[in-house]
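The structure appears right after this line, and notes come after that.
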């Protein structure tokens with residue numbers, strides 16, 4: 001079994017770098033994913049993130065689906081609701097141009113657990129989020145240590161960072177955002193709107 005460490009500052013549980021798989025093995029694992037955008041069960045799963053976000057952003061808002069994967073599903077669901085979505089994935093949609101603009105919202109569904117440098121990636125995501133914009137994240141939270149160690153979620157060798165509600169609160173403080181937790185495993189971070197533009 002891999003070792004798991006917990007940060008005493010932000011409560012993030014993570015696999016130390018020496019115990020992580022390399023990039024080749026990581027992509028080989030992602031290539032096995034069978035996330036069918038037309039699967040009603042998968043759409044219900046994604047709706048836990050999509051629905052609260054759609055309820056909070058304006059029709060026509062422009063966003064980024066970060067970590068869109070080999071078969072994007074969340075982006076098309078948001079587009080069906082009248083939002084415009086750009087895709088980015090380090091393996092499947094590695095378009096550097098997406099970092100040259102600002103977004104009304106960014107989604108990160110089932111991707112932040114894969115990040116080897118989560119702080120640097122969060123810096124990058126928040127840097128392209130417009131004032132008043134949302135970063136919407138979904139990942140399986142750590143709630144109970146015993147349940148965590150029995151979970152199939154940690155058996156995926158590409159899952160290396162495990163968050164909790166406490167970690168989400170720390171992120172909100174660190175990047176000075178508001179935080180809503182509309183569902184278990186779902187966090188919505190909203191950037192501040194500068195005084196005078198409210």
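A short reminder: the numbers here are calculations on the coordinates, not readings from a lab. A quick note: this is a predicted structure, and the numbers were derived from the prediction, not measured. Every residue, glycine among them, receives a Cβ derived from its backbone with ideal geometry; neighbour counts consider all protein chains shown.
Taking the range 1-22 as the range and being part of a strand (DSSP E or B) and touching a helix residue (DSSP H, G or I) at 6+ places or on another chain (Cβ under 6 Å) as the test, no residue passes. I'd like the full set of residues that are under 22 Å from residue 17 (Cβ atoms) and part of a loop (DSSP other than H, G, I, E, B), limited to the range 140-185. Across the range 140-185, the qualifying residues are 140, 142, 151, 156, 157, 158, 159, 160, 163, 164. Evaluated against (1) over 14 Å from the mean Cα position of the chain (by Cα); (2) within 25 Å of residue 59 (Cβ to Cβ); (3) touching a residue at least 60 places away in the same chain (Cβ under 8 Å), residue 109 falls short on exactly one condition, (1).
Whether any residue in the range 23-35 is touching a helix residue (DSSP H, G or I) at 6+ places or on another chain (Cβ under 7 Å) and under 28 Å from residue 165 (Cα atoms) is what I want to check.
yes
Condition (residue is surrounded by 12 or more Cβ atoms within 10 Å (Cβ to Cβ), in contact (Cβ under 8 Å) with a residue 40 or more places away in the chain and in a helix (DSSP H, G or I)) applied to the range 186-194: is it met by at least one residue? No, the range 186-194 has no match at all.
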